[in-house]
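The values are calculated or read from the model by the stated rules, or taken from the named source; none is laboratory data. Everything quoted here is computed from the prediction, not taken from an experiment. Heads up, the Cβs are rebuilt from the backbone with ideal geometry, glycines too, and the neighbour counts pull from every protein chain shown.
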Amino acid sequence: MTSTLNPLRRLSPVSRQRFTLIAIALVFVAPMAIAWLLLARPDWRPAYTVNHGTLVQPPRPLAGLGLHGVDGSSLGPHYLQGKWTLVYVGHGRCEKICQRQLYNTRQVRLAQGKNIGRVQRLMILTDAGGTAALRSIRAQHPDLTIAAPVAADRAAVLNRFAIDGAGDPGTAGRVYVVDPLGNLMMTYGANADPSGMLKDLERLLKVSYVG
């Protein structure tokens, strides 16, 4: 009777262990896959829930970017894992578009309420920038991580953020969304409505148990 009620008892110890590992993996991976599916297939959902950002298909792994803080310290290989990351790529002088997008990502993150700890913000500099400009950015955005690729890797790093063969991503004014597995999966243009970014992120946080 016991073996009938619990089929796992019929499996060998090795098979039960494999089954357990697969089940654990599904708990973490399935919600992320569902999130991508809901965003990528709007025909499966009512029209009013269509995503506002542009999906990066397939999602683009960003492992091994080799980012460093402006003080030269490494952010580490796992910085882009474990949280949803809003990324802005731009010049250090941070002119009008940059200032607007950093403001937008700050407000979107603050609006997450109890989920604010699941979201982080990153600015990747395409140049050294000015000391005064960086000081101003830090003062206005204390939660923002400011990073830069080492000179030898700069072109390769920026190429990872190039969308549709566009030129220098540092002049595009885009905001990028990186999932907790370290994949670039969505982007917003310079003139995108931040309310759409907010709605998309809220939906991703709701359906994902990762990050």
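Taking residue 150 and the conditions (1) out of contact with any helix residue (DSSP H, G or I) (no Cβ under 7 Å at 6 or more places or on another chain); (2) touching a residue at least 60 places away in the same chain (Cβ under 8 Å); (3) surrounded by 13 or more Cβ atoms within 10 Å (Cβ to Cβ), which numbered condition does it fall short on, given that it satisfies the others?
With (1) out of contact with any helix residue (DSSP H, G or I) (no Cβ under 7 Å at 6 or more places or on another chain); (2) touching a residue at least 60 places away in the same chain (Cβ under 8 Å); (3) surrounded by 13 or more Cβ atoms within 10 Å (Cβ to Cβ) applied to residue 150, the lone miss is (3).
Only one of these conditions is not met by residue 93: (1) modelled with pLDDT under 95; (2) among the basic types (Lys, Arg); (3) part of a helix (DSSP H, G or I). Which number is it?
(3)
Which number in (1) modelled with pLDDT of 90 or more; (2) surrounded by 14 or more Cβ atoms within 10 Å (Cβ to Cβ); (3) among the basic types (Lys, Arg) marks the one condition that residue 138 misses?
Here residue 138 clears every test but (2).
What pairs come out if I take residues in the stretch 87-116 that are surrounded by 15 or more Cβ atoms within 10 Å (Cβ to Cβ) and pair them with residues that are among the aromatic types (Phe, Trp, Tyr) and modelled with pLDDT of 95 or more whose C-beta lies under 8 Å away, six or more apart or interchain?
Taking only residues 6 or more apart or on different chains, the pairs are 87/176; 88/176; 89/176; 98/88; 101/88; 102/88; 105/88.
Report whether or not residue 100 is over 18 Å from the mean Cα position of the chain (by Cα) and at pLDDT 95 or above.
Judged against the criteria, residue 100 is a match.
With within 15 Å of residue 60 (Cβ to Cβ), among the charged types (D, E, K, R) and surrounded by 19 or more Cβ atoms within 10 Å (Cβ to Cβ) as the only criterion, which of 121, 174, 160 stands out?
174
Between residues in the stretch 59-80 that are surrounded by 13 or more Cβ atoms within 10 Å (Cβ to Cβ) and residues that are part of a loop (DSSP other than H, G, I, E, B) and among the β-branched types (Val, Ile, Thr), which pairs lie under 8 Å by C-beta distance while being six or more apart or on different chains?
Partner pairs satisfying both residue conditions: 66/150; 68/150.
Select from the stretch 41-84 the residues that are of a type in the set (A, V, I, L, M, F, W, C) and in a strand (DSSP E or B) and write down the one among them that is modelled with the lowest pLDDT.
Only one residue tops the list, namely 67.
For residue 184, all conditions in the list (1) closer than 15 Å to residue 66 by Cα; (2) within 17 Å of the chain's Cα centre (by Cα) hold save one; what is the number of the exception?
(1)
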